[in-house]
Structure formats: C-alpha cells, structure tokens
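Novice: Pasting a structure below so you can have a look.
The values are calculated or read from the model by the stated rules, or taken from the named source; none is laboratory data. Predicted, not measured: the structure shown is a model, and the values here were computed from it. Methodologically, a virtual Cβ is constructed for each residue, glycine included, from the backbone with ideal geometry; neighbour enumeration extends over all protein chains shown. Heads up: the accessible areas ignore ligands, DNA and RNA and are worked out on the full protein's heavy atoms, side chains in. Shrake-Rupley method; radii C 1.70, N 1.55, O 1.52, S 1.80 Å.
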Amino acid sequence: MADRDRDDEGRARNARPRDGLGRPLPYDAAGVERQPEGVTRTPEQTVREAQRLLDEGKPFHAHEVFEDAWKSGPDAERELWRGLAQLAVGLTHAARGNPNGAVSLLRRGADNLAGFTDSAPHGLDVAGLREWADTLAGCVPGHDTPPDPAAVAPRLRPEDRSEG
C-alpha cells in the first residue's frame, strides 16, 4: 500500500508544493504557500483575500477561498460563492492552457451567479463578473498562448475597477 499524505484526521491530503496555478510540484521544490482549508471568513474577508490572490495571478488559490465561503456560508448564498469559485477555476484552466475546461467553468460559474445579478450581495459586481466570464470564455479558444491570470483577473467589486 502506497504511503499517502494524510491530515491530522486521517483524510488524504496532497502535501506536495504547488505553483501559482495550483499545479503540483516535486516534493523538494519551492512552491506557493497554499491557502488553509476550512477557514471561516466574513464575506468581506473572503472578497478581499480572493481579490488579492486574483491580482497576484493565483486564481487556483482564490478558488480555495471562495470554496470555504461556499461550504461555510448561508444556504441562500451557496450558488454565489460556488459561482465565484467556478470563475476562479475557469481562469485557472485558461492560464494552464486548457481552453475547453476554461470555457466550461466560466460559463457554469456565470450561470450560477445569474440569480444574484440584481441584488449584488456584499458589493460584488455580479453583472460585471458575468460579462467578464462571457468575454474570457469567448476569446480563450482563439488564442495560442494562455493568458496571464493577473493581467486578466476580474475585479470583484465595481469600486475595485480603478485599482487593477
């Protein structure tokens, strides 16, 4: 039986270091610090941390932050946080050079956000995020070179648009 990485509770965990796009690296490589799993944050903390990671070109890691909110937040917001996580994974696939995965996740994420467009919870620019996802999904397949995730990262709030 293979020796597997396990957490303190015995669940399988891959302890290999990862790059900024979440790809596993050799055990002895220097990787990007991983986001801790299962962290309960306020919506404000979630949005700020995810935006920071997106701005740094780490959409895979931003997805981890959104996933925590999806799993720990109120049921009424599950699709919001899941949709945002899917957008981050879509950007991850685009940056990894997987246009089919990118398009699929970007469209699925935008669809999951649809019910929040008018309410814009937590100051999120849901309409702008859906437009961003649609634009990226439309252009990724036509490019030979994967995009720089930091250069095409979305702004999660309208007031953040001038910062990036």
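Novice: Looking at (1) in a helix (DSSP H, G or I); (2) under 18 Å from Asp19 (Cα atoms); (3) among the small types (Gly, Ala, Ser), can you tell me which one Ala76 breaks?
Specialist: Only one criterion in (1) in a helix (DSSP H, G or I); (2) under 18 Å from Asp19 (Cα atoms); (3) among the small types (Gly, Ala, Ser) is unmet by Ala76, namely (2).
Novice: Suppose the filter is closer than 23 Å to Gly138 by Cβ and touching a helix residue (DSSP H, G or I) at 6+ places or on another chain (Cβ under 6 Å); does Ala50 pass it?
Specialist: Answer is no for this residue.
Novice: Given (1) within 25 Å of Asp148 (Cα to Cα); (2) touching a residue at least 12 places away in the same chain (Cβ under 8 Å), identify the lone condition not met by Gly38.
Specialist: Tallying (1) within 25 Å of Asp148 (Cα to Cα); (2) touching a residue at least 12 places away in the same chain (Cβ under 8 Å), Gly38 fails exactly one: (1).
Novice: In the list Pro154, Pro147, which residue meets the criterion of being open to solvent by less than 20 Å² (accessible area, probe 1.4 Å) and either of a type in the set (Ser, Thr, Tyr) or in a loop (DSSP other than H, G, I, E, B) (or both)?
Specialist: That would be Pro154, the only listed residue that is open to solvent by less than 20 Å² (accessible area, probe 1.4 Å) and either of a type in the set (Ser, Thr, Tyr) or in a loop (DSSP other than H, G, I, E, B) (or both).
Novice: May I pose another question? If a residue has to be over 19 Å from Leu53 (Cα atoms) and surrounded by 17 or more Cβ atoms within 10 Å (Cβ to Cβ) to count, how many in the range 81-106 make the cut?
Specialist: Residues flagged as over 19 Å from Leu53 (Cα atoms) and surrounded by 17 or more Cβ atoms within 10 Å (Cβ to Cβ) within the range 81-106 amount to 2.
Novice: Could you list, ordered by first residue, the pairs with Cβ atoms under 8 Å in which the first is in the range 115-137 and within 15 Å of Pro43 (Cα to Cα) and the second is open to solvent by 30 Å² or more (accessible area, probe 1.4 Å) and among the aliphatic types (A, V, I, L, M), at least 6 apart or interchain?
Specialist: Listed pairs, sorted by first residue: Ala120/Ala127; Val126/Ala120.
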